[in-house]
Amino acid sequence: MIFDSHAHYYSSAFDKDRDELLNRLHFEEDVCAVVCPSENVQSAVRCAELAEQYDFVYAAVGIHPNYADTWREDTERRLEQLLSCGKVVALGEMGLDYYRKSDNREQQKRVFTMQLELARKMGLPVIIHDREAHGDTFDILRQYRPEGVLHCFSGSVESAREAVRLGMYIGLGGSITMPNAVKPLEVAKYVPLDRLVLETDAPYLIPSRYRSEPERYSRSESWMIRNVAELIAGLKHMDTEELLEITAENAARLYRVKLARCKMNVQV
Ligand code: NI
């Protein structure tokens with residue numbers, strides 16, 4: 001059972017075969033749920049539409065820090081409207097990214113904290129993007145204490161410990177499979193089993209095993225989580241299927257969705 005806690009299936013990388021792929025993931029690849037987080041208002045609408053269209057897809061709506069400069073007076077109202085759709089389960093992604101852009105830090109922080117306030121008002125969890133901004137991100141998390149996940153976690157074991165202490169979940173995906181991944185493996189080893197969720201960040205972060213065949217694997221897809229799970233299960237000396245089950249239950253608890261068995265499993 002695979003719960004992909006973070007995948008951007010509205011991306012144009014999936015325009016050619018989105019419907020076929022999503023059906024295959026659900027009916028043949030044991031993907032029981034996917035949360036699709038947005039980057040801006042347009043993709044937030046797309047995420048909500050995909051969640052309407054597919055039983056096993058849920059949406060998160062939010063403004064990614066790379067789009068902090070697109071925040072307008074009516075943005076909060078538009079997000080709030082989307083939150084009233086039944087299958088929008090979280091706000092995100094939101095956060096700070098000083099890798100891409102660091103000359104608008106104050107604007108990024110403003111857009112981040114406005115969304116944290118909205119999440120608190122709506123009683124919803126959040127999906128946090130933190131890239132090369134650990135200090136400021138954690139200052140804000142300590143202040144707001146949201147429920148949520150630090151997706152594609154890239155910090156040290158110490159910051160993972162701090163995140164867990166704050167009650168957050170840690171999202172791990174393809175980046176832990178890279179040959180130079182040292183810190184992420186230490187984090188994977190450390191993170192308590194009840195705080196771990198798995199993700200692809202599709203179409204990005206293809207696990208390294210599939211990178212040698214770029215014609216065949218041009219994007220990441222939710223089934224590739226199995227490869228990430230194998231690696232982490234090895235580190236934790238446990239069975240891959242058991243790790244997939246536990247992390248699926250964690251994601252279901254985080255996003256408060258009912259975990260339905262895949263149709264494939266029902267037929268067995
Ligand atoms: Ni993402």
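The values are calculated or read from the model by the stated rules, or taken from the named source; none is laboratory data. Being a predicted model, the structure only gives us computed values, none of them experimental. Because the Cβ atoms are built from the backbone with ideal geometry, glycine has one as well, and the counts that use them run over all protein chains shown.
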Query raised in the report: Out of all the residues in segment 47-62, is one or more within 25 Å of residue 100 (Cβ to Cβ), among the hydroxyl-bearing types (Ser, Thr, Tyr), within 15 Å of the ligand (Cβ to nearest atom) and at pLDDT 95 or above?
Result: no
Query raised in the report: Are there any pairs, at least 6 apart or on different chains, whose C-beta atoms fall under 8 Å, with the first in segment 138-159 and closer than 18 Å to residue 64 by Cα and without any contact (Cβ under 8 Å) to a residue 40 or more places away in the chain and the second basic (Lys, Arg) and within 16 Å of the ligand (Cβ to nearest atom), and if so, which?
Result: 154/131
**Report entry** Scope segment 160-173; condition farther than 30 Å from residue 219 by Cβ and within 16 Å of the ligand (Cβ to nearest atom); matching residues
**Finding:** none
Query raised in the report: Which ones in segment 19-46 are touching a residue at least 12 places away in the same chain (Cβ under 8 Å), more than 13 Å from the ligand (Cβ to nearest atom) and among the acidic types (Asp, Glu)?
Result: 28, 29, 30
Query raised in the report: What number of residues within segment 198-216 are within 16 Å of the ligand (Cβ to nearest atom) and acidic (Asp, Glu)?
Result: 2
Query raised in the report: What do you reckon, is residue 99 under 21 Å from residue 201 (Cα atoms) and not hydrophobic (A, V, I, L, M, F, W, C)?
Result: yes
Requested in this report: Give 247, 200 a once-over and let me know the one that is in a helix (DSSP H, G or I) and surrounded by 14 or more Cβ atoms within 10 Å (Cβ to Cβ).
Outcome: 247
**Report entry** Subset of segment 112-159 that is assigned to a helix (DSSP H, G or I) and within 16 Å of the ligand (Cβ to nearest atom) - its residue that is farthest from residue 182 (Cα to Cα)
**Finding:** 115
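Name the single residue, out of those in segment 115-124 being in contact (Cβ under 8 Å) with a residue 40 or more places away in the chain and more than 14 Å from residue 38 (Cα to Cα), that is surrounded by the most Cβ atoms within 10 Å (Cβ to Cβ).
First pass over segment 115-124, keeping only residues in contact (Cβ under 8 Å) with a residue 40 or more places away in the chain: 115, 118, 122, 124.
Filter once more, keeping what is more than 14 Å from residue 38 (Cα to Cα): 118, 122, 124.
Numbers: 118: 19, 122: 14, 124: 21.
Among those that are in contact (Cβ under 8 Å) with a residue 40 or more places away in the chain and more than 14 Å from residue 38 (Cα to Cα), it is 124.
Working carefully through the options 195, 219, find the one that is of a type in the set (Lys, Arg), touching a residue at least 40 places away in the same chain (Cβ under 8 Å) and within 16 Å of the ligand (Cβ to nearest atom). First the steps, then the outcome.
Details: 195 fails: within 16 Å of the ligand (Cβ to nearest atom).
Unique residue meeting the criteria: 219.
Any idea which of 219, 211 is more than 21 Å from residue 169 (Cα to Cα) and in contact with a helix residue (DSSP H, G or I) (Cβ under 6 Å, 6 or more places away or on another chain)?
Values: 211 fails: in contact with a helix residue (DSSP H, G or I) (Cβ under 6 Å, 6 or more places away or on another chain).
The conditions single out 219.
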